[in-house]
Amino acid sequence: MASTDALIDSLTEQVAPVSPGTVGGRLVSALLVGSVVTALAVVVGLGLRPDLSHALYGSMIWIKWAYTLSIGLLAAFGVAVVARPERRALGWLWLALLLPIALLAALATGQVMATPRDGWPTLWLGHSWQRCSISVALLALPVFVAILRALRSLAPTRLRLAGAMAGLAAGGIAATLYGFHCPETAAPFVLTWYSLGMAAAMAIGTAIGPRALRW
């Protein structure tokens with residue numbers, strides 16, 4: 001027993017205490033770095049929407065950003081939870097994520113009801129539905145990689161869940177930044193194609209997480 005205690009002491013005597021803010025600091029740094037790379041990809045690769053300054057006076061662009069950013073930030077908080085080895089429940093987080101979805105769905109329903117039937121395809125498809133979801137998923141990759149690098153320096157034990165939260169956080173941030181390029185603001189369009197892009201990023205994270213984060 002004494003030898004076991006001595007072994008434990010020898011293994012831990014050189015371990016420096018970890019600051020309580022270490023997890024948050026590393027994840028915030030990762031989010032900032034990944035977001036800068038994605039923002040540059042949007043500005044340089046896609047370009048800002050030409051009427052952006054005028055669109056800022058309308059409400060729908062802010063609603064679109066509020067929707068995507070709220071999902072990204074909630075998922076980022078989920079990443080911070082699963083980055084620690086203790087198994088804290090995330091049921092509340094899933095409920096919180098349903099709130100912006102439900103609010104946007106209600107707005108989308110109202111827009112559809114207020115629009116003549118022949119205008120429904122435009123509300124839903126807009127002019128860029130074919131590339132919206134793919135663009136969001138691809139733009140999420142820099143943020144996703146940055147979060148994974150941060151997670152590898154931490155201690156997640158639920159690797160699939162950690163990957164899913166990382167992917168969703170990256171997808172939400174990427175969707176927000178993509179909104180500076182995309183002129184589509186109709187609630188049915190955002191609810192469908194932006195959400196699909198964020199879901200695709202989450203699916204990628206769910207698949208990659210167990211391999212990329214394995215100790």
request  = Provide the solvent-accessible area of Trp62, counting protein heavy atoms only and rolling a 1.4 Å probe, rounded to the nearest 10 Å².
outcome  = 130 Å²
message = With angles folded into 0 to 90 degrees, how steeply does helix 195-212 sit against the dominant principal axis of the chain? Use alpha carbons for both and round to 10.
response = 20 degrees
query = On a 0 to 90 degree scale, rounded to 10, what angle separates helix 129-152 from the longest Cα axis of the chain?
reply = 20 degrees
inquiry  = Apply the a/c threshold of 1.5 to the C-alpha gyration tensor of the range 13-117 and tell me whether it is rounded, prolate or oblate.
reply    = oblate
request  = Round to the nearest 10 and give me the degree value, 0 to 90, for the angle of helix 91-113's Cα axis relative to the longest principal axis of the chain.
outcome  = 0 degrees
message = Suppose a student asked you for the relative contact order of the range 118-198, using Cα pairs under 8 Å spaced at least 6 residues apart; what percent would you report?
response = 54 percent
request  = Based on the mean of other Cβ atoms within 10 Å per residue, sort peptides 170-177, 136-143 so the most packed one is first.
outcome  = 170-177, 136-143
task = Considering the convex hull of the alpha carbon atoms of the range 43-105, report its projected area averaged over all viewing directions, in nm², one decimal.
result = 6.2 nm²
ask   = Expressed as a whole percent, how much of the Cα-Cα distance distribution for the range 150-215 exceeds 17 Å?
value = 45 percent
key: Per-residue [θ]222 nm for the chain (sum of -39500 (n - 2.57) over DSSP H runs n ≥ 4, rounded to 500)   = -23000 deg cm²/dmol
query = Computed over the Cα atoms, what is the radius of gyration of the chain divided by 2.2 N^0.38 Å, N being its residue count?
reply = 1.20
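The values are calculated or read from the model by the stated rules, or taken from the named source; none is laboratory data. Predicted model only: the values in this text are computed from it and were never measured. Please note: Cβ atoms are built from the backbone with ideal geometry, for glycine as well, and neighbour counts cover all protein chains shown. Areas reflect the complete protein model, heavy atoms only, side chains present, ligands, DNA and RNA absent. Shrake-Rupley method; radii C 1.70, N 1.55, O 1.52, S 1.80 Å.
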